[in-house]
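Here is the structure we will look at.
The values are calculated or read from the model by the stated rules, or taken from the named source; none is laboratory data. Quick caveat: nothing in here was measured; it's all calculated off a predicted structure. No Cβ is skipped: glycine too gets one built from the backbone with ideal geometry, and neighbour counts run over all protein chains shown.
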Amino acid sequence: MRRFGLIGRKLGHSFSAKYFAEKFEREGLSADCSYLLYELPEIERVEEFIASTPSLVGFNVTIPYKQQIIPFLDDLSDEARAIGAVNCVKIAPDGHRVGYNTDVVGIRSSLDKLIGDAKIESALILGTGGASQAVQYALQERAIPFRMVSRDRSKGDVTYEELSHDMIASSRLIVNASPVGMYPMVEQAPDIDYSALTDKHFLFDLVYNPEITRFMALGAERGAQVLSGLDMLYAQAEAAWAIWNE
Ligand SMILES: NC(=O)c1ccc[n+]([C@@H]2O[C@H](COP(=O)([O-])OP(=O)(O)OC[C@H]3O[C@@H](n4cnc5c(N)ncnc54)[C@H](OP(=O)(O)O)[C@@H]3O)[C@@H](O)[C@H]2O)c1
């Protein structure tokens, strides 16, 4: 039996557990593979988890451990090192642990789908946490200049109060990398001036539940192209699966 899993502090409604259970069933892998949830009250407990799980091939990492897992690993992929966050760990048969960031794989494919070949001169990233760091990396790869919007002046380039109508109008790509609008707070949307949006804008919401967030709906009302975080979620899970099976 090859074992996979997810570590995080609270894993109540995990997408990954359901996704991999369905995948194993569909692909006839249920007899050979299992995907388990491990809630860890603190990251140090990851050692117990690894030691007590025979045939552990790899695991995903979620909030709040994507950065904290790094000292427990032997090596990092170049991307995980540059982003400073790991959401996928592979364990070799000799126990060697390597950290990867597959969120960025999902962000790349979502950007391909949303903006295609459009030339973007300026973008905004809302939020400065772990997901934002992966978005920053993906935009740098595409040479798209961006500003980071934060509630806190010391963390981003601009605060929501400072974000002018013109800055929004001239930033054709806006990425919500904050949890604002996520279930159950579905009536909320990032605090930006939506009247500055046009049919030239692209809005990418990393939030995947609900499938159409208020941020997306407000953009679509102004003619913007919009995409939710659902594609990213599937793509990062498949990228992890590919790494574990390499
Ligand atoms: N689709 C996917 O596959 C996928 C993958 C990863 C993450 N996500 C989603 O992406 C979002 C961000 O994830 P994360 O891990 O980066 O989360 P996080 O670290 O908890 O939050 C990201 C940032 O959002 C801002 N923020 C937090 N609460 C806010 C509030 N009430 N109002 C305004 N801004 C707020 C903060 O930036 P400032 O303090 O600078 O304002 C924070 O650093 C989550 O909704 C997560 O579910 C989706």
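So that you can scan it fast, the table gives a plain yes or no per residue for (1) under 14 Å from the mean Cα position of the chain (by Cα); (2) within 23 Å of Phe15 (Cα to Cα):
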| position | (1), (2) |
| --- | --- |
| Tyr65 | yes, yes |
| Gln68 | no, yes |
| Pro71 | no, no |
| Glu79 | yes, no |
| Asn87 | yes, yes |
| Asp94 | no, no |
| Asn101 | yes, yes |
| Val104 | yes, yes |
Cβ-Cβ below 7 Å, separation at least six or inter-chain, first residue in the range 207-226 and under 18 Å from Ala131 (Cβ atoms) and in contact (Cβ under 8 Å) with a residue 40 or more places away in the chain, second polar (S, T, N, Q) and part of a loop (DSSP other than H, G, I, E, B): which pairs? Tyr208/Ser228
Flagged in the range 189-204 as more than 8 Å from the ligand (Cβ to nearest atom), closer than 22 Å to Gly130 by Cβ and over 18 Å from the mean Cα position of the chain (by Cα), in numbering order, are Ala189, Ile192
Considering only residues that are farther than 18 Å from Ile168 by Cα, at pLDDT 95 or above and not in a helix (DSSP H, G or I), which ones fall in the range 111-127? Gly116
Do you know which residues across the range 52-68 are in contact with a Leu (Cβ under 8 Å, 6 or more places away or on another chain) and farther than 12 Å from Gly5 by Cβ? Tyr65
Cβ-Cβ under 7 Å pairs, at least 6 apart or on other chains, the range 107-130 side within 13 Å of Leu203 (Cβ to Cβ), far side within 13 Å of the ligand (Cβ to nearest atom) and in a loop (DSSP other than H, G, I, E, B): Ile125/Ala177; Leu126/Ala177; Leu126/Ser178; Leu126/Pro190
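More than 16 Å from the ligand (Cβ to nearest atom) and either modelled with pLDDT under 95 or charged (D, E, K, R) (or both): does that describe Arg108?
It is false that Arg108 is more than 16 Å from the ligand (Cβ to nearest atom) and either modelled with pLDDT under 95 or charged (D, E, K, R) (or both).
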If you check Asp117 against the conditions, is it among the acidic types (Asp, Glu), more than 10 Å from the ligand (Cβ to nearest atom) and either closer than 27 Å to Tyr234 by Cβ or surrounded by fewer than 19 Cβ atoms within 10 Å (Cβ to Cβ) (or both)? yes
Starting from the range 142-154, keep only residues that are of a type in the set (Asp, Glu), then list their pairs with residues that are assigned to a strand (DSSP E or B) and more than 7 Å from the ligand (Cβ to nearest atom) whose Cβ atoms are within a distance under 9 Å, requiring at least 6 positions of separation or different chains. Asp152/Thr159
